[in-house]
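Heads up: the structure comes next, in structure tokens.
The values are calculated or read from the model by the stated rules, or taken from the named source; none is laboratory data. Source: prediction; values computed, not measured. Neighbour counts are summed over all protein chains in view; Cβ atoms, including those assigned to glycine, are modelled from backbone coordinates with ideal geometry.
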Amino acid sequence: MAKISFLDYGAGNVRSLRNAIAHLGYEPVDIRRPEDILQAERLVFPGVGAFGAAMQRLHELGYVEPLRAYLQADRPFFGICVAMQSLFEGSEESPGVAGLGVIPGVVQRFADAALAVPHMGWNGVRALRQSPLLDGQDPAAKFYFVHSYRAQRDAANSDWILAETDYGEPFVSAVQRGQVMAVQFHPEKSGAVGLELLRRFLAGEAARPGAGTAAGVPAPPMPPKPVAAAPTRFAKRIIACLDVRSNDAGDLVVTKGDQYDVREAGEVRNLGKPVDLARRYYQEGADEITFLNITAFRDFPLSDQPMLEVLRRTSENVFVPLTIGGGIRAFTDADGCAYSALDVASEYFRSGADKISIGSDAVDTVEAVRARGSGDGSSAIEQIAALYGNQAVVISVDPRRVYVASPESTERPVIETAIPGPNGERFCWFQCTVKGGREGRDVDAVELAQTCEALGAGEILLNSIDRDGTGSGFDLELIAAVRAAVRIPVIASSGAGCASHFTEVFRHTGVEAALAAGIFHRREVPIAAVKDQLRADGIEVRAS
Ligand code: 1PR
């Protein structure tokens, strides 16, 4: 079995890729010194975070020249996401920073202003020619992408381009020449189809012997493969959410609020064990799993080791994106030891999270920005996005309707609502809360979303205290207002009671994802039934 060398430059969550390689029966050995690169038999290079940070790290480690030599020698190489982009000459994301320059072209930001950026979610891959890496893949298969920049095919690089994907425009989703290959998506987060593609590389089955070399010797002409001309279709995401807390016996359990009240007959509702439920939802076809540590606002999450252990164990067997929220902000523990939000988030990433979600601290940040007039780089959002990338930062919003008799009754932006208030009020605004809905603030959901987007957040998880656990459907007016106000992806949350509620929220608001908890935990509506309904209603979803 070939030795797998692993190039981890320490910028993000590569634990999942290590787990995927181990799950496939291989043991990755870390590159520790530049000379390890040229001795590698088979090299896997995951790229996370910004292009410039990746290239800077490679230079600091002295890896750039050995890597160029390895690639020029057409040695087995598999790059992922930013690592694929690093093969090009450069990227608009980091002007003036040179890439490895093996492939002609400059990576650019998505241009289509109508699309949510980052391109975050499941999309197809259209092979432009035959290759053992992709041959035989189900043309309907979808892979998990999360990136804001993309490479495009042109005359100078076309012999490198193996596959394209459509997102407003076609972009490069896989490159290959000889033994050198790389993909824009994350195979370690793309379920069974991603694991199979990774397995082919690890097993030495992903390239035809003598099929050309990275050194520029053109591959022998391949018999033209009838290219599936159908455009790839971006899927809506169905996310399973696990609200987690300790019960009165001190066990970490999955619970569920009814308008954020998680107690029933005085007891914390216990709906199961986090690791078991997460694995079940992965097997049932969830496109993402979100854990929310719902009492972390008062308990210090890093002392809450069971939550980190939940992440470590879940990431060993769940190969779709994991988000963790709860307690991500600066803390001083009982011993007076101070931790930054970045310290807390980094611990979550090291334990296997792909994204972190910030709730209460985001509201504090918006109030500070409003008072100061702008961001100053000190917020958790700015610090975590700068190191781990925008796509790693989700903002969890806990809004509730505040009804007013007229728009003049408040300074906050109101909507005229089709759902009258308790006294027949026809206007309301969406008040943000902190500490799990326990404390209302003078911030509305649209302002919070826009300010956090401007600070670098990559996604909005939009809950609704009014709809949470009710099964009465999503708060479409709230969701439509936030969706229209930002360009980053929005996840609709709270209130799902049946499969058609998902069709309703996608059709009415255009959000990229919808999340549910209660109907999945209580086994009332399987994830597959939601996807079947959406497919029947003409909405693109990933096959479960
Ligand atoms: O403020 O950064 O420490 O983060 C706390 C996190 O915990 C936030 O994401 C907040 O939304 C969440 N949270 C805090 N208290 C509760 C509670 O329920 N008492 N969970 C809570 C909020 C919202 C969703 C829920 C959907 C779908 N839960 O997670 O799963 O509403 O539910 P449904 O499909 O059953 O209707 P911080």
Would you say ARG412 is surrounded by fewer than 23 Cβ atoms within 10 Å (Cβ to Cβ), within 25 Å of GLY440 (Cβ to Cβ), charged (D, E, K, R) and within 15 Å of the ligand (Cβ to nearest atom)? no
Given the range 354-455, what strands (runs of 3 or more DSSP E) lie entirely inside it while holding 3 or more residues that are within 29 Å of SER16 (Cα to Cα)? 355-358, 393-397
Only one of SER379, SER351, SER409, SER357 that is under 20 Å from LEU478 (Cα atoms), under 24 Å from the mean Cα position of the chain (by Cα) and among the hydroxyl-bearing types (Ser, Thr, Tyr): SER357
From the list ARG523, ARG438, ARG542, which residue is more than 10 Å from the ligand (Cβ to nearest atom), over 18 Å from THR290 (Cβ atoms) and either touching a helix residue (DSSP H, G or I) at 6+ places or on another chain (Cβ under 7 Å) or not aromatic (Phe, Trp, Tyr) (or both)? ARG523
Just checking: which of the helices (runs of 4 or more DSSP H) contained wholly in the range 2-103 hold 2 or more residues that are charged (D, E, K, R) and either over 27 Å from GLU382 (Cβ atoms) or under 25 Å from the mean Cα position of the chain (by Cα) (or both)? 15-23, 34-38, 64-72
How many residues does the range 463-495 hold that are within 12 Å of the ligand (Cβ to nearest atom) and charged (D, E, K, R)? 4
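This table checks each residue for (1) at pLDDT below 90; (2) under 30 Å from ALA235 (Cβ atoms); (3) assigned by TED's automatic domain parsing to the domain that holds ASP243; (4) not aromatic (Phe, Trp, Tyr).
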{"position": "TYR281", "(1), (2), (3), (4)": "no, yes, yes, no"}
{"position": "ILE289", "(1), (2), (3), (4)": "no, yes, yes, yes"}
{"position": "ASN293", "(1), (2), (3), (4)": "yes, yes, yes, yes"}
{"position": "MET307", "(1), (2), (3), (4)": "yes, yes, yes, yes"}
{"position": "TYR339", "(1), (2), (3), (4)": "yes, no, yes, no"}
Lone qualifier among THR165, THR232 - being more than 16 Å from the ligand (Cβ to nearest atom), at pLDDT 95 or above and either among the hydroxyl-bearing types (Ser, Thr, Tyr) or within 28 Å of GLY285 (Cβ to Cβ) (or both): THR165
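Which one is surrounded by the fewest Cβ atoms within 10 Å (Cβ to Cβ) among residues in the range 34-69 that are of a type in the set (Lys, Arg) and farther than 26 Å from SER346 by Cα? Even if it seems obvious, please write down each step before you answer.
Going through the range 34-69, the residues of a type in the set (Lys, Arg) turn out to be 42, 57, 68.
From what is left, the residues that are farther than 26 Å from SER346 by Cα are 42, 68.
Details: ARG42: 22, ARG68: 15.
Among residues in the range 34-69 that are of a type in the set (Lys, Arg) and farther than 26 Å from SER346 by Cα, the one surrounded by the fewest Cβ atoms within 10 Å (Cβ to Cβ) is ARG68.
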Is it true that some residue in the range 445-456 is closer than 28 Å to ARG233 by Cα, within 14 Å of the ligand (Cβ to nearest atom) and touching a residue at least 60 places away in the same chain (Cβ under 8 Å)? no
